[in-house]
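Student: Handing you a structure now.
The values are calculated or read from the model by the stated rules, or taken from the named source; none is laboratory data. All values reported here derive from a predicted model rather than from experimental measurement. When we count neighbours, we look across all protein chains shown, and the Cβ atoms used for this are built from the backbone with ideal geometry, even at glycine. Protein only, heavy atoms only, side chains kept; ligands, DNA and RNA dropped before computing areas. Shrake-Rupley method; radii C 1.70, N 1.55, O 1.52, S 1.80 Å.
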Amino acid sequence: MTIAPVQRPASTAWTDTKLILALEEVVETELNRHLKAAKEWMPHEYVPWSQGRDFDGVLGGEPWAIEQSKITPLGRTSLVVNLLTEDNLPSYHHEIATMFGREGAWGAWVHRWTAEEGRHGIAIRDYLLATRAVDPVELERARMSHMSAGFESDNAHSMLQSIAYVAFQELATRISHRNTGHFAGDPLCDQLLAKIANDENLHMVFYRNLLKAALELAPDQAMRAIADVVTDFRMPGHGIPGFERAAVQIAVGGVYNLRIHHDDVLQPVLRHLKVLDIDGLGPEGARAQEELGLFLEGLHAQAVRFDERQAALLARRAARK
Ligand SMILES: [Fe+2]
Ligand SMILES: [Fe+2]
């Protein structure tokens with residue numbers, strides 16, 4: 001007797017084109033929810049224009065000097081990394097418009113998202129220049145260098161990986177802005193970054209809900225995409241000049257590090273979607289789920305070691321004072 005193989009819908013049946021069509025309705029629902037939840041806000045209201053004055057050069061004003069900056073060194077580093085990350089928006093727009101298209105509900109989302117992200121760069125730059133928080137020449141040179149290099153998504157080959165990546169990345173950006181605000185040493189800056197973090201949170205919710213729908217539609221492929229993204233995650237600002245050094249300061253200072261990445265970025269999304277509890281997966285999905293579980297255990301152990309090193313370093317610094 002021959003045993004017929006179990007007929008599972010082949011996971012390879014879901015091409016990117018089919019997924020985009022199948023998810024269009026979800027995108028429309030999520031876009032409408034987003035538009036209801038997003039409250040209009042004005043970046044100019046968060047900039048203390050009265051503190052601004054002319055710089056040297058064309059207007060013959062006062063050159064920038066570090067003593068003029070009222071924010072903390074950690075705030076300076078972190079705000080510049082966050083701003084340069086926001087500045088690369090033309091590249092991000094290109095990547096998501098190429099992946100999701102510019103028509104229908106997907107197109108409406110791509111354009112709306114781009115407009116909201118544009119506000120973040122405008123607001124942070126205006127704030128930094130009006131308050132003389134950072135060196136404007138260094139900032140402009142870093143922007144030119146960073147944008148000239150462009151940004152290419154690590155996930156451009158896969159629609160599901162792209163969705164999984166942005167779900168985590170929007171939350172990472174939210175946390176990074178929020179913590180930068182806490183440590184910058186200026187309540188107005190904190191308020192501005194809280195406002196931006198709120199936008200990023202709504203972006204995360206949009207992509208997370210889309211990822212949920214993708215998990216229902218194509219569970220094995222979506223699980224593989226999530227595992228691949230989580231195990232190989234890097235922030236979009238990784239190409240910024242001096243990023244490695246800045247990243248160490250940002251990690252030790254508690255703006256963004258392994259512990260935060262594990263506890264405040266990966267876990268909330270994974271738990272919300274109950275990714276590790278999904279059952280009934282095919283062999284490929286089950287393998288991806290297992291890989292993900294093992295990776296998270298390893299990451300947790302690394303985060304514990306990071307906590308210890310951070311505590312020791314901060315204790316040494318405190319003793320030197
Ligand atoms: Fe943003
Ligand atoms: Fe965002």
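Student: Among 174, 178, which is the only one that is within 15 Å of ligand 2 (Cβ to nearest atom), at pLDDT 95 or above, crowded, with 17+ Cβ neighbours inside 10 Å and more than 29 Å from residue 16 (Cβ to Cβ)?
Tutor: Numbers: 174 fails: more than 29 Å from residue 16 (Cβ to Cβ).
Criteria check complete, one pass: 178.
Per-residue answers, yes or no, for (1) open to solvent by 20 Å² or more (accessible area, probe 1.4 Å); (2) touching a helix residue (DSSP H, G or I) at 6+ places or on another chain (Cβ under 8 Å):
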site	(1), (2)
221	yes, yes
224	yes, yes
228	yes, yes
238	yes, no
270	no, yes
275	no, yes
280	yes, yes
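Student: Same structure, new question: Checking residue 5 against (1) open to solvent by less than 40 Å² (accessible area, probe 1.4 Å); (2) at pLDDT below 95, only one condition comes out false. Which one?
Tutor: Here residue 5 clears every test but (1).
Student: With the requirement that a residue be within 16 Å of ligand 1 (Cβ to nearest atom) and either part of a loop (DSSP other than H, G, I, E, B) or over 14 Å from the mean Cα position of the chain (by Cα) (or both), what does the stretch 163-190 give you?
Tutor: Of all residues in the stretch 163-190, those within 16 Å of ligand 1 (Cβ to nearest atom) come to 165-181, 189.
If the condition is that a residue be within 16 Å of ligand 1 (Cβ to nearest atom) and either part of a loop (DSSP other than H, G, I, E, B) or over 14 Å from the mean Cα position of the chain (by Cα) (or both), then 181, 189 are the ones that fit.
Student: Right, here's the next one. Given the criteria within 16 Å of ligand 1 (Cβ to nearest atom) and crowded, with 21+ Cβ neighbours inside 10 Å, does residue 215 qualify? Explain how you work it out, then say what you get.
Tutor: Numbers: within 16 Å of ligand 1 (Cβ to nearest atom): no; crowded, with 21+ Cβ neighbours inside 10 Å: yes.
Taking the combined requirement at face value, the residue does not satisfy it.
Student: Further question on the same structure: Report yes if residue 85 is in contact with a His (Cβ under 6 Å, 6 or more places away or on another chain), within 14 Å of ligand 2 (Cβ to nearest atom) and among the polar types (S, T, N, Q), otherwise no. Steps first, answer last, please.
Tutor: Details: in contact with a His (Cβ under 6 Å, 6 or more places away or on another chain): no; within 14 Å of ligand 2 (Cβ to nearest atom): yes; among the polar types (S, T, N, Q): yes.
Spelling it out, it is not the case that residue 85 is in contact with a His (Cβ under 6 Å, 6 or more places away or on another chain), within 14 Å of ligand 2 (Cβ to nearest atom) and among the polar types (S, T, N, Q).
Student: Let me ask something else about it. Is it the case that some residue within the stretch 84-101 is in a loop (DSSP other than H, G, I, E, B), more than 22 Å from residue 243 (Cα to Cα) and in contact (Cβ under 8 Å) with a residue 24 or more places away in the chain? Please lay out each step first, then the result.
Tutor: To start, the set of residues in the stretch 84-101 that are in a loop (DSSP other than H, G, I, E, B) comprises 88, 101.
Narrowing further to those that are more than 22 Å from residue 243 (Cα to Cα): 101.
So of that shortlist, the ones also in contact (Cβ under 8 Å) with a residue 24 or more places away in the chain come out as 101.
Looking for residues that are in a loop (DSSP other than H, G, I, E, B), more than 22 Å from residue 243 (Cα to Cα) and in contact (Cβ under 8 Å) with a residue 24 or more places away in the chain, one finds at least one in the stretch 84-101, hence yes.
Student: Scan the stretch 199-206 and give yes if some residue there is away from ligand 1 (no atom under 16 Å from the Cβ), at pLDDT 95 or above, charged (D, E, K, R) and under 25 Å from residue 153 (Cα atoms), otherwise no. Show your work before the answer.
Tutor: Restricting attention to the stretch 199-206, the residues satisfying the condition of being away from ligand 1 (no atom under 16 Å from the Cβ) are none.
No; the residues of the stretch 199-206 include none that is away from ligand 1 (no atom under 16 Å from the Cβ), at pLDDT 95 or above, charged (D, E, K, R) and under 25 Å from residue 153 (Cα atoms).
Student: What are the residues in the stretch 23-60 that are in a loop (DSSP other than H, G, I, E, B) and open to solvent by 40 Å² or more (accessible area, probe 1.4 Å), if any? Give the steps one after another, and end with the answer.
Tutor: Within the stretch 23-60, the subset in a loop (DSSP other than H, G, I, E, B) is 38-42, 47-48, 52-60.
Within the stretch 23-60, 39, 40, 42, 53, 54, 55, 56, 57, 58, 59, 60 qualify.
Student: What residue, of 105, 97, 37, 65, is modelled with pLDDT of 95 or more and in contact with a Gly (Cβ under 9 Å, 6 or more places away or on another chain)? Before the answer, list the steps.
Tutor: Working: 105 fails: in contact with a Gly (Cβ under 9 Å, 6 or more places away or on another chain); 37 fails: in contact with a Gly (Cβ under 9 Å, 6 or more places away or on another chain); 65 fails: in contact with a Gly (Cβ under 9 Å, 6 or more places away or on another chain).
Exactly one residue qualifies, and that residue is 97.
Student: Another question about this same structure. Got a sec? Which of 128, 160 is within 22 Å of residue 46 (Cα to Cα) and either more than 17 Å from the chain's Cα centre (by Cα) or in a helix (DSSP H, G or I) (or both)?
Tutor: On the way: 160 fails: within 22 Å of residue 46 (Cα to Cα).
Answer to the selection: 128.
Student: Of everything in the stretch 92-113, what is among the hydroxyl-bearing types (Ser, Thr, Tyr) and buried (at least 18 other Cβ atoms within 10 Å of the Cβ)? Give them in sequence order.
Tutor: 92
Student: Okay, next question. Is it fair to say residue 208 is among the basic types (Lys, Arg) and open to solvent by 50 Å² or more (accessible area, probe 1.4 Å)? Write out each step before concluding.
Tutor: On the way: among the basic types (Lys, Arg): yes; open to solvent by 50 Å² or more (accessible area, probe 1.4 Å): no.
Against the criterion (among the basic types (Lys, Arg) and open to solvent by 50 Å² or more (accessible area, probe 1.4 Å)), residue 208 does not qualify.
Student: Identify the single condition in (1) modelled with pLDDT of 95 or more; (2) farther than 17 Å from residue 180 by Cα; (3) touching a helix residue (DSSP H, G or I) at 6+ places or on another chain (Cβ under 7 Å) that residue 257 does not satisfy, given that it satisfies every other one.
Tutor: With respect to (1) modelled with pLDDT of 95 or more; (2) farther than 17 Å from residue 180 by Cα; (3) touching a helix residue (DSSP H, G or I) at 6+ places or on another chain (Cβ under 7 Å), residue 257 is out only on (2).
Student: With the condition kept exactly as written, say whether any residue in the stretch 123-136 is exposed (fewer than 15 other Cβ atoms within 10 Å of the Cβ), more than 14 Å from ligand 2 (Cβ to nearest atom) and either more than 17 Å from residue 86 (Cβ to Cβ) or among the polar types (S, T, N, Q) (or both). It would help to see each step written out before you state the result.
Tutor: Of the residues in the stretch 123-136, the ones exposed (fewer than 15 other Cβ atoms within 10 Å of the Cβ) are none.
Checked against the condition, which is being exposed (fewer than 15 other Cβ atoms within 10 Å of the Cβ), more than 14 Å from ligand 2 (Cβ to nearest atom) and either more than 17 Å from residue 86 (Cβ to Cβ) or among the polar types (S, T, N, Q) (or both), the stretch 123-136 yields no hits at all.
Student: From (1) in a helix (DSSP H, G or I); (2) crowded, with 19+ Cβ neighbours inside 10 Å, pick out the condition that doesn't hold for residue 71.
Tutor: Against the list (1) in a helix (DSSP H, G or I); (2) crowded, with 19+ Cβ neighbours inside 10 Å, residue 71 comes up short only on (1).
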